[in-house]
Structures are given as C-alpha cells and as structure tokens.
Amino acid sequence: VASAADGAVICLSAGTYEGSTFEAVTKGADVTVRPVDGASVSITGMAINACSHLRFTGLGGSMTIAGIDVDPAEGNAASTWMTFDHIAFTEAISLRARGVDLHWLIHKNTFIDIEAALWEGRISVRGFGATADQGITISENYFSGGGPTHTSDGIQLIDGANGVVIRGNEFTNIIQGDYDEHADPIQIYGASNIVVDGNYFHHNGDGTGGLEDFDGGGSGMVVTNNVFHSTGIFPWSIAAASAQGWRIEHNTFVGGGSIRIDGQASGNIVRDNLWVDGGLSIEGGGVSNDHNLNCGQPGDGNLTGTPTFVGGASPTTYAGFALAPGSIGENASSGGTNMGVIP
C-alpha cells in the first residue's frame, strides 16, 4: 500500500492477513484495498496512524476485519479521507478523531455479536474536545446482538466528538443481559452537534431502545426521521439529560418508547413526531413541542388518534412505518408534510 500510486486498486488473494499496520501512508487519491473477485479475505490487528486516502472494501468478494485502531499515537497528524465499507467486523473500531474535517466514512458494514474494545461502542468516536465538525459519517451499517462475555453499545461518542453524522443504520437485538455495561444503540457522553437521521431501532430486547445521553452536556443534537420500535423493558427511546438546543423532528415511536428531557434543559424543539403508545416526558421545562401525534402534552397542532401505516398494523421495515394515505397525521406537520418518518 505504501508504494502504490495515487488511486491504485490493490486486490488481496483469499486468506488471512495479520498485524496490518499503516504508518504515515499519505496519498492524493484513494488507494483501494479489496478482495480479488470472489475471494474471502480476513484482516487482523489493524492500526492506522497519520494516513490519508485509504479505502478498505469487501466489494467483489468478502472482507472480515478484527477491529481497527485509528490514530492511537499522540502527536501525529490526524488521518484523513478514510473509508471502510462492505466489511464484516468481528471486533470493535476505535476512532480517535484528533482533528476536524477528517472525511471518515464507515458505510454498509456489519457489527454482529461484538464486544467493546477501548470504550463501550462497536464503533467508538473520541473527539478530544473538538469545537468544529470533525467530518465523520457512519451510514447504513447493521448492528445486532452482543458479545459472549461483555455487551457493547452500537455507537459511542465521547470526549467532545463533534458533528458526527449517524444516518440510515439499523440497530436490533442489542443485548444488555447480566453485564455491567449499559447497552445502548447510541450512547452520547460529552459530544455535541450530532446528527441522528433515518435510522431504524427495533427489537432491542433488554437493552435501551435508541439514543441515550444520561450524563448531559450534549448540545445542538439533530434527531430526525428515525423509527424507534421499542419492545424492551426500558421506557425511553431518547433520554436527554440537561439537553441544550436539541431538535427532535419527524420521528416515529412504537411500542411505548418515550422521549425524556430533564435537568437544566433549554432551547429544545420537539415537533412533527408520532407515537403509538409512549409520549413526551418533560421534567423542568426548556422544551417547546408542537404538531405531534399522541405526545401526551399540550401544544399547537398536537393531535390524538390511531395512525395507520403503509406496512399495516405491524410493519417489519423502516419504510413500512410511513403513514398510509388518509391516516391521522397526514399533511399535519408544521411544514404541511406527514407527521412521523418520511422515507
């Protein structure tokens, strides 16, 4: 890889590649590492330090990676333009985001039955107190199950992670079990300006149902167009302690999943959402709500009634939770579109 020309494609033969460390490999255009057509490739022990324009993809065959540690060495330049797509991960990813505008993409991978590594997520992003958008997108991945001896979050954002976009992912069967760690599809601890858009949270058993910021400090969050199908014992699909400037819009909550906003909250907007059971819990103020269906709170344009979905009484896909023509909530949002998700 180090000697490859800018834009080169490196095809790996079937087999296992151990101890893969990339140090200061910088390119002007993406060097793509992929399997030979039809080959099955496994990579273990991957570490990346101060690199740019590297793409690892399973397209063409299949690729399994046993974890990645990005930028573990302090003092180095941050890696940029990194892409990991169509990979079956068997161990967690640790992303140490030591800069901004990084252009990291984690796309269409699977994270099934994985334990936590350095932090609690299958993907963990540590922001090092960033004050601007770090340019990280986590999109269309599949998170399911738990590890054999310890559980893990789907995604954990810590220590000032900023501007991370979490879009179009599916989180299911995230297992709490008898483990000490709290199993959340998405856990926020000291992050800000996070976008959570178009994700499908469902059947997460005894784990939590969605997005949790129990410790407060998270500001500027945008939570839009998600389906939270709660089937577990935890009552909140979104828990936001001392939320500051959150915007929660066009989400659909089914099975009892609630939004809880408490503590020293201020400047939060909850609108155009839809509930089948559950509702909005506000403890202390700092929230405006309007044009919601079945939120259980007074507000302009709020409605009460039973919605119907294009996927029937019990949809089994994200798209199935769109409102059916003629349903209550149709064209009743603050912008004149449907309440709830709009696939």
Filter result (open to solvent by 30 Å² or more (accessible area, probe 1.4 Å) and either charged (D, E, K, R) or over 20 Å from D213 (Cα atoms) (or both)) within segment 133-167: D133, E140, Y142, P148, T149, H150, D159, R167
Those residues of segment 315-329 which are surrounded by fewer than 16 Cβ atoms within 10 Å (Cβ to Cβ) and part of a loop (DSSP other than H, G, I, E, B), in sequence order: T316, T317, A324, P325, G326
Unique residue being under 22 Å from I186 (Cα atoms) and not hydroxyl-bearing (S, T, Y) when the list is A73, A50, A88: A88
Residue count for segment 230-249, restricted to those that are closer than 19 Å to A322 by Cα and at pLDDT 95 or above: 2
Condition check for S62: open to solvent by 40 Å² or more (accessible area, probe 1.4 Å) and at pLDDT 95 or above: yes
Identity of the residue in segment 1-58, touching a Phe, Trp or Tyr at 6+ places or on another chain (Cβ under 6 Å) and either at pLDDT below 95 or closer than 19 Å to T110 by Cα (or both), that ends up surrounded by the most Cβ atoms within 10 Å (Cβ to Cβ): F56
Any hit, segment 127-141, residues being in a loop (DSSP other than H, G, I, E, B) and either basic (K, R) or modelled with pLDDT under 90 (or both): no
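Here is a yes/no grid of residues against (1) of a type outside the set (S, T, Y); (2) outside any loop (DSSP other than H, G, I, E, B); (3) open to solvent by less than 50 Å² (accessible area, probe 1.4 Å); (4) free of Cβ contacts under 8 Å to residues at least 60 places away in the same chain:
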{"position": "I238", "(1), (2), (3), (4)": "yes, yes, yes, yes"}
{"position": "G256", "(1), (2), (3), (4)": "yes, no, yes, yes"}
{"position": "I261", "(1), (2), (3), (4)": "yes, yes, yes, yes"}
{"position": "Q264", "(1), (2), (3), (4)": "yes, no, no, yes"}
{"position": "C295", "(1), (2), (3), (4)": "yes, no, yes, yes"}
{"position": "D300", "(1), (2), (3), (4)": "yes, no, no, yes"}
{"position": "T306", "(1), (2), (3), (4)": "no, no, no, yes"}
{"position": "A313", "(1), (2), (3), (4)": "yes, no, no, yes"}
Looking only at segment 66-122, and only at residues there that are over 17 Å from the mean Cα position of the chain (by Cα) and among the polar types (S, T, N, Q), the one that is nearest to D6 (Cα to Cα): T80
Segment 77-116: number of residues that are open to solvent by less than 60 Å² (accessible area, probe 1.4 Å), free of Cβ contacts under 8 Å to residues at least 60 places away in the same chain and in a loop (DSSP other than H, G, I, E, B): 8
Only listed residue being modelled with pLDDT of 90 or more, surrounded by fewer than 19 Cβ atoms within 10 Å (Cβ to Cβ) and not hydroxyl-bearing (S, T, Y), chosen from V195, V227, V223: V195
All positions within segment 231-257 that are among the hydroxyl-bearing types (S, T, Y) and under 12 Å from L211 (Cβ atoms): S237
Looking only at segment 208-217, and only at residues there that are assigned to a loop (DSSP other than H, G, I, E, B) and surrounded by 24 or more Cβ atoms within 10 Å (Cβ to Cβ), the one that is modelled with the lowest pLDDT: T208
Looking only at segment 266-287, and only at residues there that are more than 22 Å from I328 (Cβ to Cβ) and of a type outside the set (V, I, T), the one that is surrounded by the most Cβ atoms within 10 Å (Cβ to Cβ): N268
Positions within segment 147-162 being in a loop (DSSP other than H, G, I, E, B), without any contact (Cβ under 8 Å) to a residue 60 or more places away in the chain and within 24 Å of T131 (Cβ to Cβ), in sequence order: D159, G160
Scope segment 119-132; condition buried (at least 18 other Cβ atoms within 10 Å of the Cβ) and of a type in the set (A, V, I, L, M, F, W, C); matching residues: W119, I123, V125, A130
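The values are calculated or read from the model by the stated rules, or taken from the named source; none is laboratory data. The model shown is predicted, which means the values in this text are computed figures rather than measured ones. A quick note on method: Cβ atoms are made from the backbone with ideal geometry, for glycine too, and the neighbour counts reach across all protein chains shown. To get the accessible areas, we keep the full protein, side chains included, count just its heavy atoms, and leave off ligands, DNA and RNA. Shrake-Rupley method; radii C 1.70, N 1.55, O 1.52, S 1.80 Å.
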